[in-house]
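Working notes, structure below.
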């Protein structure tokens, strides 16, 4: 177990307890309708020219089209 924060530790516990399951982690990137609470909407609504973010997070996502064709 290499996670140090609570979020990472709970993710690992979920994976250990789900050994006979197929676990899919997903994130949706893009605009959201309605009030728009997505990260993209937050960036678009932000009037500050500088935003703070995470320096210890990597995202290596695939598009849905990738899974449709493979």
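Report, in deg cm²/dmol and to the nearest 500, the calculated mean residue ellipticity at 222 nm for the chain, where each DSSP H run with n ≥ 4 adds -39500 (n - 2.57) and the sum is divided by the residue count.
That calculation yields -10000 deg cm²/dmol at 222 nm.
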Given R₀ = 22 Å, FRET efficiency for residue 3-residue 51 by Cβ-Cβ distance, to 0.05?
0.30
If I stretch the segment between residue 58 and residue 10 completely, what's the gain in nm (0.36 nm per residue apart, minus their alpha carbon distance), one decimal?
15.5 nm
Looking at (1) 22, 60, 18, 1; (2) 13, 32, 37, 17, 1; (3) 22, 45, 27, 6, which value of P(r) over Cα pairs in 10 Å bins from 0, in percent comes from a calculation on the structure shown?
(2)
Relative to the longest principal Cα axis of the chain, at what angle does helix 6-17 sit, 0 to 90 degrees, rounded to 10?
40
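Values in this text are rule-based calculations from the coordinates and carry no lab data. Because the structure is predicted, anything quoted here is derived from the model rather than measured. Virtual Cβ from ideal backbone geometry, glycine too; neighbours counted across all protein chains shown.
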